[in-house]
Amino acid sequence: MTQHQLRTRLHRTLTTVTLVWLTAACTVPPTPTAEPTPIVQESHVLGSCALALPAETTDEEAITKVLQAEGEWVVQQEIDLLMQLWNRGATIVDAKHTEADTTDDQQWLDKDAIRHRYVRTVFPGAPAVAAPKDLAITLDGVHATVTATTQIGNEVSPGGDRWQLSKVENCWVIDRLTYNLESQQN
Amino acid sequence: MTTNPTTNTELSGQRVQPTVPAEAGPTTKLPHYFVLAVLVFALPFVYLPQLQMRLTPGVPPSTTADHIYVADLDFWRRTERETHVAANAYFDLAHDLNNVPLDVGQWHGVDVEENNQEVMILLEPEQYIQRLYQRESGEYIWLSMIGGRSSQPFHAPDICYDADGWQYNLGSYPIALDEEHSLFGLWLEANKTTESGETLEHVVFYFYLFPNETRKLSDGIVLFKLTSGRHGTVEETLTLHADFIRNLFFGAPTLPTQPS
């Protein structure tokens, strides 16, 4: 092998190694970045349709199931499921035991506020039971009003809750809850 | 499955070989050198961003001087209002929150010491900044920034107002940062009649800032809270708050990077 051939072979080898290295450099995976935030879609308003109820379920049954689910998911602290039950623009009102006087009402306006109330006011109490009882359902077309006694933990509010629901795309969703309707006991 | 670098090299060599004549003379080497020169020239562009990241960990590879944060209505779980914001100051616990400017647009601020020691005892914040900003037209805004690495410093403001006998309504409000980005916060409209018959009214707007997407408490969270009197309607007052916020936060086009 002549010196020229040797030089050529050495040159080829070096060139090949350099090219492979440079090519690899160009394909180095990008610096790891944060996983993109799972896009949290605006919570669907599913209401009773989130409960997989049989087709023959009546309006009264569907409404009852929605309120029962609300109670169960409060206990389980299932915030995302809870928010599916509420309609856009929904409201929660604390009537402060003075139903006739609305000036002292406290309101959580729209779903962000309702979510906040669950997370920061309701869940910290870690209720073991949150079940509506004595439901009195009044249907008016696609609207319904329900008065109920709610027991959250040891706190029982006889007739203290009024739920207002509406039927949206065949699903019953919650529009409004007014609680502490019962008069203050001395 | 692992890759075999030797095999890869050989394969690459086989691909390269045919393009190089067996007895390549000086004239045929020219394109070869050209390719090499181009690749060598490209090398800094390939490695520079990674080198930059290693030298300045945690700083997003932004071409602007802005710092990018994750903002949300709550720190327990992500809400659908979570968004990325760029800021022209540091709002994280790796920095002193005093770096936030005292001059914010038309607003000029002064530090106000927290006299209520119960606040510090109860919240045990890692950082606590309280400032009063005013602008020439007379309006004022209190800015509170509370930083911590546990949930203890982050009592929801409505709970505190409730405990102090205030009546309030609560909602959320989007502050448009630009045509595409909005920053959502929770607002509180609170009022209280004192024993002397004076009626106090507060409008509060707040959100949480996280230094990265993992949102770990241990990485630190900052509560950004504005409080003012009522100027017209709640919406008009929130417009005032928005003017302040838009001087500190901007729409963020890129995602923040993970801290290394």
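The values are calculated or read from the model by the stated rules, or taken from the named source; none is laboratory data. As the structure is a computational prediction, the values presented were derived from the model and not from experiment. Here the Cβ positions follow ideal geometry from the backbone for every residue, glycine too, while neighbour counts run over all protein chains shown. For the accessible areas, the whole protein counts, side chains as well, though only heavy atoms, and no ligand, DNA or RNA atoms are used. Shrake-Rupley method; radii C 1.70, N 1.55, O 1.52, S 1.80 Å.
Quick test for you: out of A:Glu35, A:Glu99, A:Glu56, A:Glu78, pick the one residue that is at pLDDT 70 or above and over 30 Å from A:Gly160 (Cα atoms).
Details: A:Glu35 fails: at pLDDT 70 or above; A:Glu99 fails: over 30 Å from A:Gly160 (Cα atoms); A:Glu78 fails: over 30 Å from A:Gly160 (Cα atoms).
Answer to the selection: A:Glu56.
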Scanning the stretch B:238-247 for residues that are surrounded by 19 or more Cβ atoms within 10 Å (Cβ to Cβ) and either free of Cβ contacts under 8 Å to residues at least 12 places away in the same chain or under 16 Å from B:His84 (Cβ atoms) (or both) gives B:Ile245
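For the stretch A:83-107, give me each residue that is of a type in the set (Gly, Ala, Ser) and open to solvent by less than 10 Å² (accessible area, probe 1.4 Å).
In the first step, residues of the stretch A:83-107 are kept if they are of a type in the set (Gly, Ala, Ser); the result is A:89-90, A:95, A:100.
Residues satisfying the conditions are A:Ala90, A:Ala95.
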Index of the failed condition, A:Lys65 passing every other in (1) modelled with pLDDT under 95; (2) part of a helix (DSSP H, G or I): (1)
Report yes if some residue within the stretch B:160-169 is at pLDDT below 95 and under 26 Å from the mean Cα position of the chain (by Cα); otherwise report no. yes
Filtering the stretch B:158-194 down to residues that are open to solvent by less than 10 Å² (accessible area, probe 1.4 Å) and touching a His at 6+ places or on another chain (Cβ under 9 Å), which residue is farthest from the other protein chains (Cβ to nearest Cβ)? B:Ile175
Those residues of the stretch A:120-154 which are within 15 Å of A:Leu85 (Cβ to Cβ) and modelled with pLDDT of 85 or more amount to A:Val122, A:Ala144, A:Val146, A:Ala148
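Is at least one residue of the stretch A:108-121 touching a residue at least 40 places away in the same chain (Cβ under 8 Å) and open to solvent by 50 Å² or more (accessible area, probe 1.4 Å)?
Pass one, the stretch A:108-121, residues touching a residue at least 40 places away in the same chain (Cβ under 8 Å): A:111, A:118-119.
Next, only the ones that are open to solvent by 50 Å² or more (accessible area, probe 1.4 Å) stay: none.
So far as the stretch A:108-121 goes, no, none of its residues is touching a residue at least 40 places away in the same chain (Cβ under 8 Å) and open to solvent by 50 Å² or more (accessible area, probe 1.4 Å).
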In the stretch A:45-60, what count of residues is obtained for those that are in contact (Cβ under 8 Å) with a residue 40 or more places away in the chain and either in a loop (DSSP other than H, G, I, E, B) or farther than 21 Å from B:Glu80 by Cβ (or both)? 5
Go through the stretch B:219-237 residue by residue and tally those that are among the polar types (S, T, N, Q), in contact (Cβ under 8 Å) with a residue 60 or more places away in the chain and out of contact with any Pro (no Cβ under 9 Å at 6 or more places or on another chain). 1
